[in-house]
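These notes are about the structure you will find just below.
Please treat every number below as a calculation from the coordinates, not as lab data. This structure is a prediction, so every number in the text was calculated from the model and none was measured. We place every Cβ from the backbone using ideal geometry, glycine too, and count neighbours over all the protein chains shown.
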Amino acid sequence: MSSLNLTSTHAGALEAAAEVEGRSLWQDAWRRLRSNRAAYVSMIILAIVALACVALPYALPWAYDAIDWDHVEAMPPNFELGHYLGTDSVGRDLLARTLVGGRISLMVGVLATLVALLIGVTVGAVAGYLGGRVDQLLMRFVDLLYSVPLTFFVIILMVMFGRNFILMFLAIGAVEWLTMARIVRGQTLSLKNKEFIEAARASGGSTFSIIARHIVPNVLGVVIVYVTLTIPQVILLESFLSFLGLGVQEPLTSWGVLLNEGAAELEANPRTLIVPAVFMTVTLFCFNFIGDGLRDALDPKDR
Amino acid sequence: MSEPLLDVRDLKVHYPVRTGGFLHGAYTPLKALDGVSFDLKAGETLGIVGESGCGKSTLGRAVLQLLPATSGAVAWLGRNLTELDTKGLKAAREHMQIVFQDPLASLDPRMTAGDIIAEPLRNFRGSLSNTEIKAKVKDMMARVGLHPAMVNRYPHEFSGGQCQRIGIARAMILGPKLVVCDEPVSALDVSIRAQVVNLLMELQRAMNLTMIFISHDLSIVRHISHRVMVLYLGKTMEIASRDALYAAPRHPYTQALLAAVPVPDPVKARARAKIVLTGELPSPLNPPSGCVFRTRCPRATSLCAEVEPPREGPDAGHDVWCHHWRAPTLAP
């Protein structure tokens with residue numbers, strides 16, 4: 001009787017068994033990434049820097065564009081007056097300026113990369129999956145854009161439309177999606193001959209649904225690594241444009257603008273260069289470590 | 001009997017391959033499949049056997065229109081699939097499915113088993129709610145011998161045999177009429193093979209499926225098929241009912257293949273006739289003239305080099321493409 005009971009309970013247990021949760025490749029990668037100390041610490045530091053850039057300026061006694069009329073000169077750190085990292089040559093609070101500059105730099109970095117991601121993945125996946133004439137057309141267009149020098153392109157845009165913050169996104173986005181498109185296209189080419197894509201076709205999937213449901217999720221691993229390495233590249237690019245005077249306008253600032261101003265006073269006042277440079281370097285290092293960590297986490301040949 | 005479900009006529013798949021110069025080479029057709037014809041009735045299983053590279057998989061994919069056919073017709077219930085547009089083809093796909101050789105590669109690594117099995121439902125039964133889909137998926141999983149609690153697992157968490165069951169569940173969930181099995185058990189352990197083959201046969205009986213079973217394993221083909229077709233270099237060598245083909249093969253190639261099947265009893269194995277084919281499979285870029293098998297055929301004569309053998313055969317339903325099919329069975 002007991003054995004009979006056991007079997008029936010067993011069967012009942014099987015029937016009632018809750019669905020087992022699987023562990024996706026993403027979850028596996030996340031675990032590996034967290035066990036990578038450099039990447040994990042970088043994520044924390046980056047979060048702190050980003051949070052500080054967004055929130056801290058509101059808590060500071062001085063606004064980024066407020067001039068301390070009593071001290072219109074570069075002043076070393078002075079806690080009584082609330083200039084925790086001193087002021088720049090016209091008496092504006094350096095910490096506030098660096099944090100607000102960080103806002104702009106990070107925003108440009110993330111937004112321009114997202115724009116590049118969106119265009120690059122779409123163009124790359126479509127070109128790679130459809131192949132043939134569409135592929136030729138899209139990729140030759142990419143080649144064409146590659147051949148336009150960036151600075152030249154930006155200067156033309158500035159001349160035509162005047163200095164404009166959005167233009168910078170456009171200019172940087174227009175350059176950065178090209179490499180993304182090529183990477184995605186290459187990945188798509190190797191994916192589209194896999195059997196699961198054929199299975200999706202046999203199951204009646206349309207071209208669009210196959211690209212959206214099968215191609216894109218599978219190239220995302222490679223793409224995400226590239227994204228984390230593109231963000232610092234874009235931040236540098238923005239600094240470079242600002243350095244040339246093609247970036248944001250005073251009194252708004254960015255890390256590139258601050259570096260430019262600091263470099264001008266390097267001998268008299270190295271602090272104005274060092275402060276934004278440290279912020280920027282730390283951020284760039286963090287992005288690169290995260291990128292490296294992601295590559296290691298996502299790479300180990302999937303399974 | 002009734003009208004055939006599937007009628008394949010003179011199906012050809014040629015790939016243009018550039019031969020010669022780097023910039024201005026001429027294209028030579030690689031004849032992966034060169035004029036294959038057969039028909040299938042509802043509930044019938046056609047086994048397709050042949051060496052690697054003889055066009056077995058190409059045939060399966062060309063029938064399902066996963067590969068474009070160069071010429072010929074694939075008539076499905078009287079409609080020619082090769083002439084359908086995208087919309088018509090999608091409608092036809094509802095009734096035809098495929099099971100692949102590599103169980104893991106045929107499943108999207110980023111989707112759960114449940115999503116993979118549900119995909120045909122989402123493509124063809126858009127009106128179903130998520131709960132209905134889930135119920136159907138779990139039902140199908142139980143039918144193919146998978147525990148329904150595993151719907152949320154990912155392919156890499158399953159064994160090869162389980163992955164193949166997921167592939168089978170995906171193929172069966174719409175209740176198709178025709179299923180092409182492209183070497184479904186070749187990548188599996190011997191112990192799992194029998195289970196999967198029996199599962200396929202069980203499903204076939206229950207759902208009255210028509211199957212094209214592609215394999216290079218003659219024993220499994222004998223177990224599962226009603227009729228068997230032998231391919232060599234993109235051409236049919238012999239097609240016959242299973243019993244006729246295994247008992248009295250007429251084509252020297254079929255005879256050689258059957259003689260190479262391993263026999264578990266060493267005494268019997270030593271006693272039986274051996275036919276050893278010499279040479280390699282010729283290149284499909286440059287197939288031999290006349291009969292494509294003549295370069296390796298022990299019976300080849302000058303006639304074989306000149307004239308392509310016509311379709312002949314001992315009786316209706318048993319066709320051989322060989323000039324010498326009347327000669328006694330090969331035995332050294």
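What order do you get for B:49, B:276, A:134 when you list them from fewest to most C-beta neighbours inside 10 Å?
Details: B:49 27, B:276 9, A:134 13.
In increasing order of surrounding Cβ atoms, one gets B:276, A:134, B:49.
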Exercise. Please identify, among B:259, B:171, B:316, the residue showing maximal mean-square fluctuation in a Gaussian network model of chain B using a 10 angstrom Cα cutoff.
Key: B:316
Quiz item: Over the Cα atoms of segment A:139-218, what Rg and Dmax result, in angstrom?
Solution: 18.0, 53
Quiz item: Which of B:224, A:235 comes first, and how do the rest follow, when ranked by fewest Cβ neighbours within 10 Å?
Solution: B:224, A:235
Quiz item: Considering every Cα-Cα pair within segment B:185-316, what fraction, in whole percent, is farther apart than 26 Å?
Solution: 34 percent
Quiz prompt | Positive dipole terminus of segment B:99-208, leading residue within B:99, B:128, B:207 (C-beta point charges) | solution = B:128
Practice problem: Arrange A:166, B:214 by Cβ neighbour counts within 10 Å, fewest through most, would you? | Solution: A:166, B:214
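Using only alpha carbons, build the gyration tensor for the protein assembly as shown and give me the equivalent ellipsoid semi-axes, biggest first, whole Å.
Numbers: eigenvalues 864, 185, 84 Å².
Square roots of five times the eigenvalues give 66, 30, 20 Å.
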Exercise. Using a/c under 1.5 as the rounded threshold, could you call segment B:67-224 rounded, prolate or oblate? The axes a ≥ b ≥ c are square roots of the C-alpha gyration tensor eigenvalues, and prolate needs a/b larger than b/c, oblate otherwise.
Key: oblate
Practice problem: Would you please classify the overall shape of segment B:142-201 from the alpha carbon gyration tensor, given that a ≥ b ≥ c denote the square roots of the eigenvalues, rounded means a/c under 1.5, and beyond that prolate means a/b larger than b/c while oblate covers the rest? | Solution: oblate
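Please say if segment B:270-332 is rounded, prolate or oblate, where rounded means a/c under 1.5 for a ≥ b ≥ c the square roots of the C-alpha gyration tensor eigenvalues, and otherwise the choice is prolate for a/b larger than b/c and oblate otherwise?
On the way: a/c = 1.93, a/b = 1.09, b/c = 1.77.
Oblate, because a/c is 1.5 or more while a/b does not exceed b/c.
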Exercise. Could you list the residues of segment A:174-207 with an amide nitrogen less than 13 Å from a label point located 7 Å from the Cα of residue A:130 in the Cα-to-C-beta direction?
Key: A:207
Quiz item: Within segment B:153-182, what residues put their amide N at less than 11 Å from the label point 7 Å along the Cα-to-Cβ vector of residue B:77?
Solution: B:177-178
Exercise. Taking amide H positions as placed in the peptide plane 1.01 Å from N, state which residues far from residue B:17 in sequence (5 or more) or on other chains have amide H under 5 Å from it.
Key: B:28, B:30
Quiz prompt | Rounded to 10°, Cα long-axis angle of helix A:2-16 versus longest principal axis of chain A | solution = 50 degrees
Self-check item: Centroid-to-centroid separation of segment B:244-281 and segment B:148-168 [C-alpha atoms, Å]
Solution: 37 Å
Self-check item: Calculated FRET value between residue A:164 and residue A:137, using beta carbons and R₀ = 41 Å, to 0.05
Solution: 0.85
Practice problem: Pop out the ³J(HN,Hα) list for segment B:272-279 in order, Karplus 6.51 cos²θ - 1.76 cosθ + 1.60 with θ = phi - 60°, rounded to Hz; leave Gly and Pro as x. | Solution: 7, 6, 10, 10, 9, 7, 9, x
Quiz prompt | Relative contact order (%) - chain A, alpha-carbon pairs under 8 angstrom, separation at least six | solution = 24 percent
Quiz item: Taking a quarter of the surface of the convex hull around the Cα atoms of chain A, what do you get in nm²?
Solution: 24.4 nm²
Quiz item: Computed over the Cα atoms, what is the radius of gyration of segment A:222-303 divided by 2.2 N^0.38 Å, N being its residue count?
Solution: 1.37
Quiz item: With labels modelled as points extended 7 Å from the Cα through the Cβ direction, what inter-label distance (nm, one decimal) is found for residue B:18 paired with residue B:305?
Solution: 3.5 nm
Quiz item: Under unit Cβ charges (Lys, Arg +1; Asp, Glu -1), what dipole magnitude, rounded to 20 debye, does chain A have relative to its Cα centre?
Solution: 1320 debye
Quiz item: Say we join alpha carbon atoms closer than 10 Å with springs in a Gaussian network model of chain B; which of B:93, B:122, B:250 then has the biggest fluctuation?
Solution: B:122
